[in-house]
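Structure, as structure tokens:
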Amino acid sequence: MPSTAAYAVVFAVAVGATFLITPLLRWAATRLGVVAMPSERAVHTKPIPYLGGVAMLCGFLVALGVAWQSGDFEVMFDGSSTALGVALGAVVFCAVGTLDDVRDVSAPAKTAGLVFGGSIMFLLGVQLLFFRFPFVDGLIVLGPDLAPLISVLWVVGMANAVNLIDGLDGLATGIVAIAAGSFFLYGHKLATLDVIGPENPSPLMAAIVAGICVGFLPHNFNPARIFMGDGGALMLGGLMAAATMLVGGQTSTEVSGQVFFFFAPLFIPFFVMGVPIFDTIFAIFRRARQRRSMSEADKDHLHHRLMRLGHGHRRSVVILWLWTGLLAVFVLYPVYTGNGDAVVPVGIGALALALLTFFYPGIRRVRREDKAQELPPDDGAVVT
């Protein structure tokens with residue numbers, strides 16, 4: 001099994017490559033006019049270059065190439081096409097999203113592109129073979145009819161989940177960095193317990209994804225100098241989908257004595273990626289109730305609501321980062337300790353964040369201002 005130092009080197013390469021390549025793509029996007037213009041829905045007030053996703057893709061490919069050539073991850077590359085499948089899928093996802101950044105692409109066309117990328121990954125070994133339900137004994141083995149469908153749907157769903165949360169500077173970048181880092185720790189632990197084999201590239205992919213997010217974040221945090229765009233968001237979602245499938249969908253091993261999500265690692269993304277997934281579900285119900293198309297943009301996402309509650313741009317982002325970190329702790333603590341005592345610290349942390357979100361003094365000020373605006377004007381003139 002690769003050493004921790006080997007993973008650290010690849011992570012550092014991903015951070016450094018992405019950090020250095022991003023300014024070049026920002027310059028290119030400015031020269032080519034590939035910029036996000038201010039709009040009623042957007043929170044930025046001046047044009048911001050796109051193509052951050054291309055910079056992240058370059059960092060991903062550089063780090064993956066270094067891992068391939070280093071010899072430390074030989075077992076993950078020799079005789080297996082899985083790593084190649086993830087890389088090709090990332091290229092397709094980034095290309096589809098970047099095309100949409102350059103010129104508008106219809107929702108069906110984008111979905112078709114995601115299906116194409118997910119199909120490539122499936123054909124090269126990134127597959128859901130097993131499916132588990134929490135608190136239910138037994139294992140569902142996906143046959144040749146269901147495995148392709150469920151695998152591709154998982155990719156499309158995760159890619160759109162990350163894309164929907166990409167609404168504030170650094171928000172999606174930070175959330176995926178936390179999620180990917182958590183997945184690395186989780187997958188690495190399962191590898192040490194022989195639940196997944198050393199040839200499984202999921203920990204490597206998670207470490208690289210965390211690295212490209214950390215390298216991109218200094219350029220993307222408020223005030224952002226470049227956006228990842230749909231090219232970056234769809235790619236990150238697809239990569240996280242690949243990591244989850246490789247961890248939870250390719251092992252039939254059950255380890256006794258762990259909590260339910262250790263028995264069902266496929267459902268880990270519902271915890272680690274809980275913020276964007278919750279926002280996706282909320283957006284679906286909201287738009288269905290309003291009889292609006294899913295492709296129609298609005299300003300009612302979770303991050304927009306936080307800002308309307310009185311939180312600034314940065315505080316809204318940090319709150320959602322903290323929620324994602326809290327969910328990651330909920331996943332990792334019992335896995336590393338073997339017991340469920342995480343309920344207490346997670347509960348305390350959740351309460352603190354809830355108080356910060358809903359009872360911060362700034363919220364009361366905004367509510368007072370809104371109430372004052374709703375009052376009818378005082379037109380009682382004083383007669384002299």
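The values are calculated or read from the model by the stated rules, or taken from the named source; none is laboratory data. Keep in mind it's a predicted model, so treat the numbers as computed, not measured. Using ideal geometry, Cβ is built from the backbone for each residue, glycine included, and neighbour counts are taken over all protein chains shown.
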Query raised in the report: Taking the stretch 218-274 as the search range and keeping residues that are among the polar types (S, T, N, Q) and part of a helix (DSSP H, G or I), which one is modelled with the highest pLDDT?
Result: ASN220
Requested in this report: Output the qualifying pairs, or none if there are none: Cβ atoms under 6 angstrom, residues six or more apart or on different chains, first residue in the stretch 164-186 and farther than 23 Å from ARG225 by Cα, second residue surrounded by fewer than 24 Cβ atoms within 10 Å (Cβ to Cβ) and of a type in the set (S, T, N, Q).
Outcome: none
Query raised in the report: Any idea which residue in the stretch 111-120 is farthest from GLY157 (Cα to Cα), counting only those that are under 18 Å from the mean Cα position of the chain (by Cα) and buried (at least 18 other Cβ atoms within 10 Å of the Cβ)?
Result: GLY117
Query - Of all residues making up the stretch 62-76, the number that are buried (at least 19 other Cβ atoms within 10 Å of the Cβ), in contact with a Pro (Cβ under 8 Å, 6 or more places away or on another chain) and assigned to a helix (DSSP H, G or I) - result: 1
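For residues that are of a type in the set (Val, Ile, Thr), within 30 Å of ALA206 (Cβ to Cβ) and either modelled with pLDDT of 85 or more or buried (at least 24 other Cβ atoms within 10 Å of the Cβ) (or both), tally how many sit in the stretch 35-61. It would help to see each step written out before you state the result.
Of the stretch 35-61, the ones of a type in the set (Val, Ile, Thr) are 35, 43, 45, 48, 54.
Going one step further and asking which of them are within 30 Å of ALA206 (Cβ to Cβ), we end up with 43, 48, 54.
Next, from what is left, pick out any that are either modelled with pLDDT of 85 or more or buried (at least 24 other Cβ atoms within 10 Å of the Cβ) (or both): 48, 54.
Count: 2.
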Report task. For the stretch 149-159, state whether one or more residues are of a type in the set (A, V, I, L, M, F, W, C), in contact with a strand residue (DSSP E or B) (Cβ under 9 Å, 6 or more places away or on another chain) and free of Cβ contacts under 8 Å to residues at least 12 places away in the same chain. Result -> no
Query raised in the report: Which of the residues belonging to the stretch 196-217 are farther than 16 Å from ALA241 by Cα, free of Cβ contacts under 8 Å to residues at least 60 places away in the same chain and part of a helix (DSSP H, G or I)?
Result: LEU217
Query raised in the report: Could we say that LEU246 is within 10 Å of the chain's Cα centre (by Cα) and not charged (D, E, K, R) here?
Result: no
Query raised in the report: Got at least one residue in the stretch 102-121 being within 24 Å of LEU217 (Cα to Cα), assigned to a helix (DSSP H, G or I) and modelled with pLDDT of 90 or more?
Result: no
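Based on what the data block shows, is GLY197 at pLDDT below 85 and under 14 Å from the mean Cα position of the chain (by Cα)? Write out each step before concluding.
Details: at pLDDT below 85: yes; under 14 Å from the mean Cα position of the chain (by Cα): no.
The answer is no for GLY197.
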Report summary line: Among residues of the stretch 161-195 being assigned to a helix (DSSP H, G or I) and of a type in the set (Val, Ile, Thr), the residue farthest from GLY53 (Cα to Cα) is THR192
